[in-house]
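A.B. asks: Take a look at the following structure, please.
The values are calculated or read from the model by the stated rules, or taken from the named source; none is laboratory data. On a predicted model such as this, the values are computed, not experimentally measured, just so you know. Positions of Cβ are backbone-derived with ideal geometry, glycine not excepted, and every protein chain shown enters the neighbour counts.
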C-alpha cells in the first residue's frame with residue numbers, strides 16, 4: 001500500500017483521487033455538451049437518473065428496431081403457415097448479420113466511452129473514424145445471397161422444402177440488400193451513444209418504423225407482393241433512419257469526422273474486433289440456436305416452427321427494455337471504469353438488477369397466465385393457437401431468470417471482458433439448450449422443445465451469478481492497481 005492510504009478501502013481511495021477524475025470528466029462533459037444535443041453526463045449525478053436517461057431512449061430505439069420484424073411477422077402470419085415458415089427460417093440469417101453488426105458497434109462504443117472517461121478524445125475520434133469501413137466490409141459479405149440460386153441453396157441447406165424455398169427467395173433478396181443500410185445505422189448510433197446521446201438514435205428508429213408499418217400492409221396485401229413486400233418495407237424504413245442519422249451526424253461533426261481508412265487504421269480495427277468479436281460470438285448464439293432448433297422442430301411440421309417463431313418474436317419484443325438497460329449499463333460502466341470510479345460501477349449494476357426484475361416479473365406473469373390471448377394477435381390456425389400458447393407459457397418461466405444473463409451482457413462489455421459473455425453463451429447453447437431440446441423432444445415432442453427453453457435459461461442463470469461476482473472482483477482489483485499507479489505519478 002502507498003503511504004497515506006494503507007488499510008483504506010477502494011471507496012476511500014477513489015474519494016482521495018476524485019479531483020483527478022473530476023478534472024478529466026469536466027473536460028469531457030463540456031466537450032460533449034458543446035457538440036451533442038442530447039448528451040448525458042455519465043460522470044455526475046445520481047446513478048439511477050443517469051442510467052435512466054441513457055436507457056430510456058435505448059429501450060425505445062431497440063423496441064422500434066425490432067418492431068420492423070415483429071410487424072412484418074404479424075402481417076406474414078396472416079398469409080398462412082408456409083409463408084410464415086419461410087420468414088421464420090430466414091430469421092437466423094437476420095440474426096447472423098445483426099450479431100456481427102452488434103459486435104462491431106458495441107466494441108466501438110465501449111472503446112470510445114472508455115477513452116472519453118479517461119479524457120482521451122483523440123483516441124475516441126480515431127476509433128469513430130474506423131468503424132464504418134469495417135462495418136461495410138462485414139455487411140458486404142452477405143450480398144452474394146441476393147443471387148436466387150444461392151438463396152435457394154441456403155433454404156435447402158437448413159432443412160426447408162421446395163415450397164418454403166420458393167416463398168422465401170424474394171424475401172431474402174431484399175432482406176440482404178438492407179444489411180449494409182442496417183450496418184450504417186448501427187455505426188452512427190454507436191457514435192452518438194458513446195457521447196451519452198441515446199435520444200437521436202431513438203428518433204431515427206421512430207421515423208423508420210412509422211414508414212415501415214405504413215408500407216407493410218400496402219406491399220404485402222394491396223400490391224400482392226407477399227413476404228417479399230415485408231422485406232422491401234423494412235429496407236425503406238431503415239433507409240429513412242439512415243437519412244435522418246446522416247443529417248444529425250453532419251450537423252454534429254461538420255468536416256471534422258471522416259469515414260475512411262487512415263494511416264494506422266488496421267490497429268483501430270484490431271482493437272474494435274478484439275473487444276467486439278466476443279460480443280459477436282455471444283450474439284451468434286441466437287442464429288446458431290435457431291438453426292438447430294428449426295432443424296429439431298422441422299420433424300413436427302411447419303406449425304411447430306411457426307409457433308416457436310411467434311413466441312420468440314414476442315419474447316424479444318417484451319425483453320427490449322431490459323436489453324436497452326443492459327446496453328446503457330455497458331456504456332455507463334465503460335465510461336466510469338475509465339474514470340476509475342468503482343462505486344459508480346457497482347451502483348450501476350445494483351440499479352440494473354432491481355429495475356430488470358421489476359420490469360420482467362409482471363410480463364412473465366402475463367405470458368404464463370394469458371398465453372392464448374397473446375398468441376391470438378397473430379390470427380393463428382388451431383394448431384398454431386395450441387402450440388403457440390404452450391411456447392408462450394414456457395417463455396414466461398424463462399424470463400424470470402434472464403436479468404442475470406443481461407447483467408453479464410452489460411458488465412462484461414463495460415469492463416472490457418466480453419469473453420465472459422461468450423463463455424455464458426457457449427454454455428447456454430452448446431451445453432444446455434440444444435442437448436435439452438433434443439432430449440425433451442424425444443420424450444414430449446415439440447412441446448418438450450419449448451419447455452427446454454426455461455430449463456436451459458435457469459441453468460445458465462446460475463453460471464451468470466458466478467460470472468458477475470468474478471467481474472466485479474476483477475473490476476475492483478484493476479481499479480486499485482490503476483489508482484496506485486496514478487498516485488505514484490503524482491508523487
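A.B. asks: Out of contact with any strand residue (DSSP E or B) (no Cβ under 6 Å at 6 or more places or on another chain), in a helix (DSSP H, G or I) and within 30 Å of residue 389 (Cβ to Cβ) - does that describe any residue in the stretch 464-475?
C.D. replies: Checked against the condition, which is being out of contact with any strand residue (DSSP E or B) (no Cβ under 6 Å at 6 or more places or on another chain), in a helix (DSSP H, G or I) and within 30 Å of residue 389 (Cβ to Cβ), the stretch 464-475 yields at least one hit.
A.B. asks: Under 18 Å from the mean Cα position of the chain (by Cα) and part of a loop (DSSP other than H, G, I, E, B): which single residue out of 183, 196 fits that description?
C.D. replies: That would be 196, the only listed residue that is under 18 Å from the mean Cα position of the chain (by Cα) and part of a loop (DSSP other than H, G, I, E, B).
A.B. asks: Take the conditions within 30 Å of residue 341 (Cα to Cα) and part of a helix (DSSP H, G or I) and apply them to residue 115. Does it pass?
C.D. replies: Details: within 30 Å of residue 341 (Cα to Cα): yes; part of a helix (DSSP H, G or I): yes.
Considered against the rule, which asks whether it is within 30 Å of residue 341 (Cα to Cα) and part of a helix (DSSP H, G or I), residue 115 comes out as yes.
A.B. asks: I'm checking my understanding of the structure. Among residues of the stretch 469-491 that are under 30 Å from residue 398 (Cβ atoms) and surrounded by 18 or more Cβ atoms within 10 Å (Cβ to Cβ), which one is farthest from the chain's Cα centre (by Cα)? Give the derivation first.
C.D. replies: Restricting attention to the stretch 469-491, the residues satisfying the condition of being under 30 Å from residue 398 (Cβ atoms) are 469-475.
Narrowing the set further to residues that are surrounded by 18 or more Cβ atoms within 10 Å (Cβ to Cβ) leaves 471, 475.
Details: 471: 20, 475: 23 Å.
The selected residue is 475.
A.B. asks: Would it be correct to say that residue 79 is farther than 18 Å from residue 312 by Cα, at pLDDT 85 or above and surrounded by fewer than 24 Cβ atoms within 10 Å (Cβ to Cβ)?
C.D. replies: Details: farther than 18 Å from residue 312 by Cα: yes; at pLDDT 85 or above: yes; surrounded by fewer than 24 Cβ atoms within 10 Å (Cβ to Cβ): yes.
Yes: the conditions hold for residue 79.
A.B. asks: Spot the failing condition for residue 125; the list is (1) touching a residue at least 40 places away in the same chain (Cβ under 8 Å); (2) assigned to a helix (DSSP H, G or I); (3) in contact with a helix residue (DSSP H, G or I) (Cβ under 8 Å, 6 or more places away or on another chain), and only one is missed.
C.D. replies: Only one criterion in (1) touching a residue at least 40 places away in the same chain (Cβ under 8 Å); (2) assigned to a helix (DSSP H, G or I); (3) in contact with a helix residue (DSSP H, G or I) (Cβ under 8 Å, 6 or more places away or on another chain) is unmet by residue 125, namely (3).
A.B. asks: Within the stretch 160-169, can one find any residue that is assigned to a helix (DSSP H, G or I), closer than 27 Å to residue 57 by Cα and either in contact (Cβ under 8 Å) with a residue 24 or more places away in the chain or touching a strand residue (DSSP E or B) at 6+ places or on another chain (Cβ under 8 Å) (or both)?
C.D. replies: No, there is no match, as no residue in the stretch 160-169 is assigned to a helix (DSSP H, G or I), closer than 27 Å to residue 57 by Cα and either in contact (Cβ under 8 Å) with a residue 24 or more places away in the chain or touching a strand residue (DSSP E or B) at 6+ places or on another chain (Cβ under 8 Å) (or both).
A.B. asks: To continue, here is another question. Show the residue pairs meeting these rules: Cβ distance below 9 Å; 6+ apart or different chains; first residue within the stretch 223-235 and more than 23 Å from residue 207 (Cβ to Cβ); second residue not in a helix (DSSP H, G or I).
C.D. replies: Close Cβ pairs (under 9 Å, with a partner that is not in a helix (DSSP H, G or I)) amount to 226/79; 227/79.
A.B. asks: Looking only at the stretch 416-459, how many residues end up being in contact with a helix residue (DSSP H, G or I) (Cβ under 6 Å, 6 or more places away or on another chain) and either on the phi > 0 side of the Ramachandran plot or assigned to a helix (DSSP H, G or I) (or both)?
C.D. replies: Looking only at that region, the number is 29.
A.B. asks: When residue 184 is evaluated against the numbered criteria (1) within 30 Å of residue 51 (Cα to Cα); (2) free of Cβ contacts under 8 Å to residues at least 24 places away in the same chain, which criterion, by number, is the only one it fails?
C.D. replies: All conditions pass for residue 184, except number (2).
A.B. asks: Moving on to the next point. Over 26 Å from residue 315 (Cα atoms), buried (at least 23 other Cβ atoms within 10 Å of the Cβ) and touching a residue at least 12 places away in the same chain (Cβ under 8 Å), is that true of residue 113?
C.D. replies: The answer is yes for residue 113.
A.B. asks: A further question on this structure: Go over the candidates 425, 437 one by one and state the one that is more than 21 Å from residue 298 (Cα to Cα) and touching a residue at least 60 places away in the same chain (Cβ under 8 Å). Full working, then the answer.
C.D. replies: Values: 437 fails: more than 21 Å from residue 298 (Cα to Cα).
One residue alone meets the criteria, 425.
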